[in-house]
Amino acid sequence: MTVRDVVLAGGRVVDPSTGVDAVGDVLLRDGKVEAVGGTLGRPDGAEVIDCAGLVVAPGFIDVHCHLREPGREDVETIATGARAAAAGGITAVCAMPNTDTVTDNQAAVGFVLKQGRAAEASRVYPIGAISIGQNGERLAEFGEMVGAGAVAVSDDGRPVVSSQLMRTALEYARAFNIPVADHCEDPTLSAGGAMNEGIVSARLGLRGIPCEAEEIMAIRDILLAKLTGGHVHLCHMSTKGSVELIRWGKDRGIRVTAEACPHHLSLTEDSVEGYNTNAKMNPPLRTAVDVEAVRDAVRDGTIDVLATDHAPHHHDEKQSAFADAPNGIVGLETALAVNITWLVKTGVLSVGTLIDRMSCAPAKLFSLPGGTLARGALADVTVFDPGKEWVVDPAAFRTKGRSTPYAGMTLTGRTACTIVGGRVVFRAS
């Protein structure tokens, strides 16, 4: 299919990968970035998109989301998730393997890729399972999955309890130059827990999950990365202690990277008041001290990446008693606005640093195309209005999921246009 030339005209072009931050044009041709800067003219037949007052950035990449297909298409499909991502300005997502059946072999990886291409929206990159069936017993065949298109391995949704299995995974993954993304949780400490352990959990009569449940596994993974030389990527970090451990590892040259999610950067355990199941997730929302520490870590680069951990559930499941409700919220369509509202507007991050954490760093760490507007790069571009205010209405989401703690809130920052491979896949009405 022939892709028309596209001129993104007169926007503030911000690309940390090339050091560009200036008003100008971006020309996209044949699915690639052709030129950036100044006034580039208007080629015959080109689609011209007026970007005055908007930010033009390399497309955002979400390295952690759950698309539920195969097995729970009633909750989400790869197509609805890819379209939701596009609406959120995310041009590529990495799909976690905790589906039914588990993405633990080359055929399952191929299925995810095929469905992603058919969606014709944001790109979908499969993440393969660390262990067969995510049972934590036998290593999956990394080589076959990587050959089929997997970009990382993870048992996310379940911690890798066995240190020996985690060691072997890190050693094996080195051969394929892929990260091992781990859900840091000691299940003997978190068992039966529903929220952060502390004063709020005691008052609500809910069993808590201590910060140490995350931190014990975080330091174990860091030490195993030191032992093996493998690349461990720590998912959804939420505590001050975890931040200190990651910083310790990086200071010693250990190959540890980490991500944080918008909800852990904006909300505290107080959001659970009233037994609000839309504030139930794993790891749970923590204290204001933890939130501040994680924000600081995103700012100084201790935490490399901002990801969503988009995890849709059926409405009826989320309406259960708090202790029985599943963990997880949707995030693809609110991530940009939450990050701008709580990080950029408050001065924690500049626009350029936000773009680095949502685009450039994810591309680099997971060895993905994109993350730059350099000439010849993939024409994946996010155009957004950093000052646009809007009220979160879950009924208007593209995702099938509706569970969000931000419902009814006024947020700042919204996607204006999302371009994948030079083709507009979302445009705000």
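Evaluated with a Cβ-only charge set (Lys, Arg +1; Asp, Glu -1), region 57-365 carries a dipole of roughly 700 debye about its Cα centre, given to the nearest 20. Phi-derived couplings, Karplus 6.51 cos²θ - 1.76 cosθ + 1.60 at θ = phi - 60°, listed residue by residue for region 248-261: 4, x, 5, 4, 9, x, 6, 7, 10, 10, 8, 10, 10, 10 Hz, with x used for Gly and Pro. Distance between the 7 Å Cα→Cβ label points at Ser350 and Leu227: 4.1 nm.
Of the beta bridges in the chain, as assigned by DSSP with both residues counted there, near 50 percent are antiparallel.
Bridgeable lysines around Lys345 (alpha carbons under 20 Å apart, same-chain partners fewer than 8 residues away excluded): Lys388.
A viscosity of 0.890 mPa s and a temperature of 25 °C, combined with the Kirkwood radius over C-alpha pairs in the Stokes-Einstein formula, give region 57-365 a diffusion coefficient of 128 µm²/s. 3J(HN,Hα) couplings calculated from phi for region 304-318 with the Karplus curve 6.51 cos²θ - 1.76 cosθ + 1.60 (θ = phi - 60°) are, in sequence order, 7, 9, 9, 10, 9, 6, 3, 9, x, 9, 5, 3, 5, 5, 6 Hz; Gly and Pro show x. Relative to the longest principal axis of the Cα atoms of the chain, the long axis of helix 78-87 lies at roughly 60 degrees. Paramagnetic label reach from Tyr275 (point 7 Å along Cα→Cβ; backbone nitrogen cut-off under 17 Å): within region 298-321, residues 316-321.
If contacts are Cα pairs under 8 angstrom and at least 6 residues apart, what is the relative contact order of the chain in percent? Over the chain, the number comes to 20 percent. For region 1-35 versus region 40-96, the inter-centroid distance based on Cα atoms is 16 Å.
Extension gain, Arg427 to Phe176, is 86.6 nm, computed as 0.36 nm per intervening residue step minus the present C-alpha separation. Distances over 15 Å make up what percent of all Cα-Cα pairs in region 308-400? In whole percent, the long-distance tail amounts to 71. Residue order for Leu206, Leu227, fewest other beta carbons within 10 angstrom first, comes to Leu227, Leu206. Legend: residue pairs Lys280/Lys364; Lys280/Lys318; Lys250/Lys364; Lys250/Lys280; Lys226/Lys250; Lys318/Lys400, Cα-Cα distance threshold 20 Å; pairs beyond threshold, Lys280/Lys364; Lys250/Lys280. Nearest 10 degrees, 0 to 90: what angle lies between the long axis of helix 212-228 and the longest principal axis of the chain (Cα atoms)? With rounding to tens, the tilt is 70 degrees. Between the amide H of Phe60 and those of Thr91, Thr382, distances stay under 5 Å, these residues lying 5 or more places away or on another chain, with hydrogens modeled in the peptide plane.
Rounding to the nearest 10 and keeping the result within 0 to 90°, find how far the Cα-based axis of helix 163-174 lies from the longest principal axis of the chain. The two axes meet at around 20 degrees. For region 111-216, state what percent of all Cα-Cα pairs lands in each successive 10 Å bin, counting from 0 Å until the bin that includes the largest distance. Histogramming region 111-216 at 10 Å steps yields 14, 35, 26, 19, 6, 0 percent. Label-to-label distance for Glu73 and Thr188 is 4.3 nm, based on points extended 7 Å past Cα in the beta-carbon direction. Rounded to the nearest 0.05, the FRET efficiency derived from the C-beta distance between Asn135 and Asp324 at R0 = 22 Å is 0.40. Counted by neighbouring Cβ atoms within 10 Å, the residues Glu215, Glu333, Glu317 run from fewest to most as Glu317, Glu215, Glu333.
Close amide H pairs (under 5 Å, H built 1.01 Å from N) link Val23 with Val13, residues at least 5 positions away or on another chain. In terms of surrounding Cβ atoms within a 10 Å radius of their Cβ, Met409, Met237 rank from fewest to most as Met409, Met237.
Where a number appears in this text, it was derived from the coordinates with a stated rule and is not lab data. These numbers were taken from a predicted model, which means no experiment stands behind them. All Cβ positions, even for glycine, are placed from backbone atoms using ideal geometry, and neighbour counts span all protein chains on display.
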